[in-house]
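See below for the structure under consideration.
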Amino acid sequence: MKHLESKGYSITLLDLYGANFDPVLSAEERQSYYAQDYDRSQLNKELELLVEAESLVLVFPTWWFSFPAMLKGWIDRVWAPGYAYDHDAELGAIKPKLGNLKEVKVVTTLGSPWWVDNLVMHKPVKRVLKTAILGACAKDCKVTFLSLYNAEKAGREQVDKFVQKIKAKF
């Protein structure tokens, strides 16, 4: 955060665990996906932050080549119709609404080596985020993705090098 502030970013921290964010999409919220208005009754702050954001920094561990449940639930609940996108009248392709979102920076850790994520799994987290989520909701958004592989084995020197890489890219 200090590094990004030194680059001129104004930071708003949203710690999903610290805020006790509920990642479960309620039946009411799901039913409201195609209603006139999405049920935002439990999400006013989160929706406001997403709609106003020009840049997001997502920091999370990759679990089984996917998002952790907390982050996936935040996406399911907050990247909602009427805010992140609009439904097509004929239920065709959705229409992006997050034109203000210019960049997403991702820092993630994986237990696997780089070659498994890249060559075997073809970077599933990056593909889903960039193509399915941002591609549908924020078309012109730039994505910077940094992954620390073999995280369980990483020593102090490897972690320090990764932090320097983050500072250099961000």
> For the range 136-149, which residues satisfy the criterion of being at pLDDT 95 or above and within 22 Å of Phe170 (Cα to Cα)?
Replying inline: Ala138, Cys141, Lys142, Val143, Thr144, Phe145, Leu146, Ser147, Leu148, Tyr149
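Have a look at Val59, Val116 and point out the one that is without any contact (Cβ under 8 Å) to a residue 60 or more places away in the chain, surrounded by fewer than 18 Cβ atoms within 10 Å (Cβ to Cβ), over 22 Å from Ala168 (Cβ atoms) and out of contact with any Ser or Thr (no Cβ under 7 Å at 6 or more places or on another chain).
Going through Val59, Val116 in turn, just one is without any contact (Cβ under 8 Å) to a residue 60 or more places away in the chain, surrounded by fewer than 18 Cβ atoms within 10 Å (Cβ to Cβ), over 22 Å from Ala168 (Cβ atoms) and out of contact with any Ser or Thr (no Cβ under 7 Å at 6 or more places or on another chain): Val116.
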> Counting only residues that are touching a Lys or Arg at 6+ places or on another chain (Cβ under 9 Å) and open to solvent by 100 Å² or more (accessible area, probe 1.4 Å), which one in the range 1-54 is modelled with the highest pLDDT?
Replying inline: Glu54
>> I'm told Tyr38 meets every condition in (1) under 23 Å from Gly135 (Cα atoms); (2) in a helix (DSSP H, G or I) except one. Can you identify the failing condition by its number?
In response: (2)
> Within the range 119-170, how many residues are in contact with a His (Cβ under 8 Å, 6 or more places away or on another chain) and open to solvent by 40 Å² or more (accessible area, probe 1.4 Å)?
Replying inline: 1
> Can you tell me which residues in the range 85-110 are buried (at least 17 other Cβ atoms within 10 Å of the Cβ), of a type outside the set (D, E, K, R) and in a loop (DSSP other than H, G, I, E, B)?
Replying inline: Leu98, Leu101, Leu110
> Any idea how many residues of the range 62-71 are open to solvent by 60 Å² or more (accessible area, probe 1.4 Å) and either touching a residue at least 60 places away in the same chain (Cβ under 8 Å) or in a strand (DSSP E or B) (or both)?
Replying inline: 1
>> Pull out all pairs, ordered by first then second residue, where Cβ-Cβ is under 7 Å, the residues are six or more apart or on different chains, the first lies in the range 13-42 and is free of Cβ contacts under 8 Å to residues at least 40 places away in the same chain, and the second is of a type in the set (Val, Ile, Thr) and in a loop (DSSP other than H, G, I, E, B).
In response: none
> Only one of these conditions is not met by Glu46: (1) touching a residue at least 24 places away in the same chain (Cβ under 8 Å); (2) assigned to a loop (DSSP other than H, G, I, E, B). Which number is it?
Replying inline: (2)
>> Restricting to the range 111-139, give me the number of residues that are part of a loop (DSSP other than H, G, I, E, B) and farther than 18 Å from Phe60 by Cβ.
In response: 4
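The values are calculated or read from the model by the stated rules, or taken from the named source; none is laboratory data. Since we're looking at a predicted model, the values are computed, not measured. All Cβ positions, glycine included, derive from the backbone under ideal geometry; neighbour counts span all protein chains shown. To get the accessible areas, we keep the full protein, side chains included, count just its heavy atoms, and leave off ligands, DNA and RNA. Shrake-Rupley method; radii C 1.70, N 1.55, O 1.52, S 1.80 Å.
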